[in-house]
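Worksheet for the structure shown next.
Readers should treat all values here as calculations from the given coordinates under stated rules, not as data from a laboratory. Predicted model, so just to flag it, every value in this text is computed and none were measured. Quick reminder, even Gly has a Cβ in these numbers, built from the backbone with ideal geometry, and neighbours come from all protein chains shown.
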């Protein structure tokens, strides 16, 4: 067996786990899109489809973990190859969590369908979701094309998602104050918004891992944390 | 250099990253304990200490990541040694998230101190926190003593945390319905409870990684998911 042959089997291994990441990324993109569409169109079947589909995402993560462990054991990767393998593990863990958040959105959609819609918030949720979907798409593109500039731009855009979340948090508090019958629905909507905001955080992690994979360094700038709701009081004149 | 010597340097490497995990675990235990004590005693200085201290936890995770990558590159571990190294990476990522949750609890405590306390909920939060602290302690013990039975018992106990969270969720909704002036405080308390519940989930992950490290298999039983609030409607007669 020549070195050439060994090298090429190795490359195939690396390509194979990266193909699995892209497959998983596609499934997670679809889950987020469907979860938000189900919320928007009040489609309980579509929401259920997302909940059921999460199992396939979880299984793919498991498979990726097994494959990466196998590659490390078999090929003893070093330098950039090791970074590729370790990044794959981190990225698949982040994608798996994004899938969980989409599933959770769908569960809460099931409950929300039992109450009348809270109109003004739908647009903000949709904008937040659209922004995170685009971020995920670009993070996966940056990963597959090994483009740290695109990855950095994804990291920068997370601040917009956080700001939209802040706006929605205030809107929901106002709704609850105005009419306590909205409280249950608003609590679920709030969690949905928080889930989308968390998807943004996870996509940011994926982009950071891409920068690490290509450059060997995590992005130097500490990410701006723009979810201020944890430290904010809102004055309702109450 | 004899094989003996090489083996022993390798063992020292593995011991060193495991010692780092225990150090990190101790810091995270302290952060959770202090965050909840600050909430309970309305101690803004202690809350601030937790927020500031999270940086040390983050830095330790970074260091563990670097060390594990170095060990993989240098030592090409296989079989159980590889499982140890990969588990260390996963466990440190979970501990880092627990630290983030403790920090978030402390941020929200800062806000809550501006409102009068909501008495009846404090006891439930304290019980939840106490349960997760014990789970974390046992998960770290199970890890260091390589005790899959203890790890499995930690996994089983997460259902209690989830049930306490469900109870608190209902209590908070009732408070908000009864007096809309409580809404902002209740939203923050709810997030605090959710953060504790998430710490429980992360500790469960740590216990699962311990089972994997020792046995080479993740626990077969899918974890019981007892947070039903995502799919629950509460009847207020509203």
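Residue A:151 falls short on exactly one of the conditions (1) more than 13 Å from chain B (Cβ to nearest Cβ); (2) buried (at least 20 other Cβ atoms within 10 Å of the Cβ); (3) in contact (Cβ under 8 Å) with a residue 60 or more places away in the chain; (4) under 27 Å from residue A:48 (Cα atoms), and that condition is (4). The condition of being under 17 Å from the mean Cα position of the chain (by Cα), in a helix (DSSP H, G or I) and closer than 28 Å to residue A:80 by Cα holds for only one of B:57, B:71, that being B:57. Selection over region B:157-186 of residues that are surrounded by fewer than 23 Cβ atoms within 10 Å (Cβ to Cβ) and free of Cβ contacts under 8 Å to residues at least 40 places away in the same chain gives a count of 6.
The requirement of being within 13 Å of chain B (Cβ to nearest Cβ) and part of a helix (DSSP H, G or I) is not satisfied by residue A:207. The one condition from (1) touching a residue at least 24 places away in the same chain (Cβ under 8 Å); (2) more than 13 Å from chain A (Cβ to nearest Cβ) that residue B:68 does not meet is (2).
Look through region A:78-114, keep the residues that are at the interface with chain B (Cβ under 8 Å from one of its Cβ atoms) and not in a helix (DSSP H, G or I), and return whichever of them is surrounded by the most Cβ atoms within 10 Å (Cβ to Cβ). Among those residues, the one meeting the criterion is A:78.
Among residues that are touching a helix residue (DSSP H, G or I) at 6+ places or on another chain (Cβ under 6 Å) and more than 25 Å from residue B:198 (Cα to Cα), residue A:27 is not included. For region A:46-65, the tally of residues that are more than 12 Å from chain B (Cβ to nearest Cβ) and either surrounded by 15 or more Cβ atoms within 10 Å (Cβ to Cβ) or touching a helix residue (DSSP H, G or I) at 6+ places or on another chain (Cβ under 8 Å) (or both) stands at 9.
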